[in-house]
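Novice: Got a structure for you, written out below as structure tokens; questions coming shortly.
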Amino acid sequence: MALPKDEFELFKVFLREKTKGKPFRCPVCDSPNWSVDGPVVLLQYNTELKTAVVGGGGIPLITMVCQNCYFSRHFAWNPIVERKVHFSLPSEDSSG
Ligand SMILES: [Zn+2]
């Protein structure tokens, strides 16, 4: 599932802030080229039935896939989206 443009921009800002502008390189092949997808949902796993719980709860994740070796990384999406609320608040009192 493609990430909507505004959420993709939010994720890019988040990643740029966390990496302090350094290239985010693949730990397997050292490529800096990734595709971003999501949010996807990590399914819960039922230990008794030894199977994923389709339609059950899960954790929304952003997936980054290396465009060279296809190694994937995940970021928890909810904390990033929650930050968006703080970003959108006025930074100064404009009542003066
Ligand atoms: Zn790679």
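Novice: Against the definition (of a type in the set (D, E, K, R) and at pLDDT below 85), how does residue 17 come out, yes or no?
Specialist: Considered against the rule, which asks whether it is of a type in the set (D, E, K, R) and at pLDDT below 85, residue 17 comes out as no.
Novice: Something else: How many residues does region 46-96 hold that are part of a loop (DSSP other than H, G, I, E, B) and modelled with pLDDT under 85?
Specialist: Residues in region 46-96 being part of a loop (DSSP other than H, G, I, E, B) and modelled with pLDDT under 85: 17 in total.
Novice: Is there a residue being over 14 Å from residue 64 (Cβ atoms) and more than 14 Å from the ligand (Cβ to nearest atom) anywhere in region 22-39?
Specialist: Taking every residue of region 22-39 in turn, at least one turns out to be over 14 Å from residue 64 (Cβ atoms) and more than 14 Å from the ligand (Cβ to nearest atom).
Novice: Let me ask something else about it. Please pick out the residue among 36, 40 that is modelled with pLDDT under 85, in contact with a Ser or Thr (Cβ under 9 Å, 6 or more places away or on another chain) and under 16 Å from residue 77 (Cα atoms).
Specialist: Exactly one residue qualifies, and that residue is 40.
The values are calculated or read from the model by the stated rules, or taken from the named source; none is laboratory data. Since the model is a prediction, treat every value here as computed from it, not as a measurement. Methodologically, a virtual Cβ is constructed for each residue, glycine included, from the backbone with ideal geometry; neighbour enumeration extends over all protein chains shown.
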